[in-house]
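Everything on this sheet refers to the single structure shown next.
The values are calculated or read from the model by the stated rules, or taken from the named source; none is laboratory data. Bear in mind that the values here come from a model prediction, so they are computed numbers and not experimental data. Reconstructed Cβ throughout: ideal geometry from the backbone, glycine too, with neighbour counts over all protein chains shown. All accessible areas refer to the heavy atoms of the entire protein, side chains included, with ligands and DNA or RNA removed. Shrake-Rupley method; radii C 1.70, N 1.55, O 1.52, S 1.80 Å.
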Amino acid sequence: DLSGTWLRPKTGKHVQSYSCGGGLGLRVVDTGKVIMCGAKAVGGGRYEGTLTSTEDGNQYSGTVTFAGSQLELSGCVLGGLICKNETWSRVK
């Protein structure tokens with residue numbers, strides 16, 4: 001099940017995961033801003049797609065991995081040479 005609400009510790013904001021465009025979607029709850037839609041399952045609870053940064057609005061190659069009550073998010077540029085990772089906790 002893709003649906004859930006997650007706490008992004010860096011900003012204190014809640015992000016909802018849901019089915020979007022035939023894949024995984026992520027949207028910031030208080031603004032409704034979609035930061036990912038249509039990410040494809042690649043196995044092991046992992047999804048790959050395009051992420052839109054809430055900070056600069058730029059798009060990045062992204063992966064989302066579900067692991068129980070945690071979601072690991074990674075956004076990369078330059079073919080994966082530079083990546084940033086965050087771990088989010090499930091709120092519901």
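Just to verify a result, which residue in segment 14-29, among those that are open to solvent by 30 Å² or more (accessible area, probe 1.4 Å) and in contact (Cβ under 8 Å) with a residue 24 or more places away in the chain, is nearest to Glu72 (Cα to Cα)? Even if it seems obvious, please write down each step before you answer.
Here is the first cut: in segment 14-29, the ones open to solvent by 30 Å² or more (accessible area, probe 1.4 Å) are 14, 16, 18-19, 21-22, 27, 29.
Now restrict to residues that are in contact (Cβ under 8 Å) with a residue 24 or more places away in the chain: 14, 29.
On the way: His14: 14, Val29: 18 Å.
My answer is His14.
Residue pairs whose Cβ atoms lie under 6 Å apart, separated by 6 or more positions or on different chains, with the first residue in segment 65-76 and in contact (Cβ under 8 Å) with a residue 60 or more places away in the chain and the second part of a strand (DSSP E or B) and surrounded by 19 or more Cβ atoms within 10 Å (Cβ to Cβ), are Leu71/Trp6; Leu71/Trp88. Residue under question is Ser74, and the condition is that it be open to solvent by 60 Å² or more (accessible area, probe 1.4 Å), modelled with pLDDT under 95 and in a strand (DSSP E or B); does it hold? Considered against the rule, which asks whether it is open to solvent by 60 Å² or more (accessible area, probe 1.4 Å), modelled with pLDDT under 95 and in a strand (DSSP E or B), Ser74 comes out as no. When Leu7, Leu26, Leu2 are screened for being modelled with pLDDT under 95, of a type in the set (A, V, I, L, M) and either assigned to a strand (DSSP E or B) or touching a strand residue (DSSP E or B) at 6+ places or on another chain (Cβ under 7 Å) (or both), only Leu2 passes. Checking each residue in segment 37-58 for being within 16 Å of Tyr18 (Cβ to Cβ) and of a type in the set (A, V, I, L, M) picks out Ala39, Ala41, Leu51. Reported count of residues in segment 43-57, each being exposed (fewer than 15 other Cβ atoms within 10 Å of the Cβ) and in contact (Cβ under 8 Å) with a residue 12 or more places away in the chain, is 4. Against the conditions (1) in a strand (DSSP E or B); (2) open to solvent by less than 70 Å² (accessible area, probe 1.4 Å), Lys84 satisfies every one except (2).
Taken over segment 58-71, the criterion of being in contact with a strand residue (DSSP E or B) (Cβ under 7 Å, 6 or more places away or on another chain) and either open to solvent by 70 Å² or more (accessible area, probe 1.4 Å) or not in a strand (DSSP E or B) (or both) is satisfied by Gln59, Ser61, Ser69, Gln70.
Can we say Ser3 is of a type in the set (S, T, N, Q) and open to solvent by less than 50 Å² (accessible area, probe 1.4 Å)? So Ser3 does not fit the description; no.
Annotation note: of Val15, Val42, Val29, the sole residue that is more than 17 Å from Gly62 (Cβ to Cβ) and of a type in the set (Val, Ile, Thr) is Val29.
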